Amino acid sequence: MILGLTIPQFTTLHVLISFVGIIAGLIALPAFARGRILPRTNVIFLWFTLLTSLTGFLFPFVAFTPALGVGIFSTLILAVALWAWYGRKLAGGAASVYAVTATIGLWLNLFVLVVQSFLKVPALNALAPNGNEPPFAAAQGALLVVMIGLGYLAFKASRKRATA
């Protein structure tokens with residue numbers, strides 16, 4: 001039991017929280033890259049993505065895993081994004097800090113989504129049962145390229161915002 005829920009129930013809650021963060025991020029970050037700030041959507045993205053990491057720490061672990069490493073890194077990155085958003089209100093260079101950290105936070109959540117998809121979706125698992133086959137690498141590589149592009153555009157838009 002975790003927070004009064006069975007592990008399958010808690011897993012479902014964790015996944016739903018993750019999906020909310022991902023969907024909000026896929027709306028907020030491209031808008032940010034176009035120079036538009038969607039305050040509510042950004043707040044939902046930040047808090048649900050952080051909540052995804054924090055709920056991940058509640059699963060029973062017996063040793064350090066890559067999932068824990070991603071969760072720790074994501075939490076630290078999101079703390080910086082929250083500082084830029086709330087502490088600095090995106091003033092000056094904080095907008096650039098936010099662009100970079102929000103991009104990394106979204107990428108980490110999407111990275112885990114791809115990993116879990118290849119583990120849990122039978123058609124994808126058949127293509128890459130060990131998670132080190134070319135289809136898995138191609139999916140993660142394509143995601144990384146898209147996120148670098150989006151991050152670049154968000155960073156560029158943040159620089160324009162800082163000089164305006």
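Just so you know, all these numbers are worked out from the coordinates, no wet-lab data involved. Just so we're clear, the structure is a prediction, and the values are computed from it rather than from any experiment. Virtual Cβ from ideal backbone geometry, glycine too; neighbours counted across all protein chains shown.
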Quick calc, the range 7-163, dipole around Cα centre from Cβ unit charges on Lys, Arg (+) and Asp, Glu (-), nearest 20 debye, gives 780
Among Ile104, Tyr86, Leu46, the residue whose Cα sits farthest towards the positive end of the charge dipole of the chain (+1 at Cβ of Lys and Arg, -1 at Cβ of Asp and Glu, taken about the Cα centre) is Tyr86
With the charge dipole of the chain built from beta-carbon charges (+1 for Lys and Arg, -1 for Asp and Glu) about the Cα centre, the Cα from Gly149, Ala123, Leu68 projecting farthest to the positive end belongs to Gly149
Trypsin sites (Lys or Arg not before Pro) in the range 1-69 lying in a DSSP loop, each with at most 11 other Cβ atoms within 10 Å of its Cβ, come to Arg34, Arg36
For the range 79-164, the dipole about the Cα centre with charges only on Cβ (Lys and Arg +1, Asp and Glu -1), to the nearest 20 debye, works out at 540
Note on the range 1-152: alpha-carbon gyration tensor, axes a ≥ b ≥ c; rule is a/c under 1.5 for rounded, else prolate if a/b larger than b/c, else oblate; result oblate
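Hey, what number do you get for the chain at 222 nm if only DSSP H runs of n ≥ 4 count, each worth -39500 (n - 2.57), divided across all residues, to the nearest 500? Could the numbers behind the result be given before it?
On the way: 6 runs with 125 residues, N = 164.
Result for the chain: -26500 deg cm²/dmol, rounded to the nearest 500.
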For the range 69-84, Karplus-derived ³J(HN,Hα) couplings (6.51, -1.76, 1.60; θ = phi - 60°; whole Hz; x for glycine and proline) come out as x, 5, x, 5, 4, 4, 4, 5, 4, 5, 4, 5, 4, 5, 4, 5
Counting only DSSP loop positions in the range 51-154, the chymotrypsin sites (Phe, Trp or Tyr not before Pro) whose Cβ has at most 10 other Cβ atoms within 10 Å are Phe64
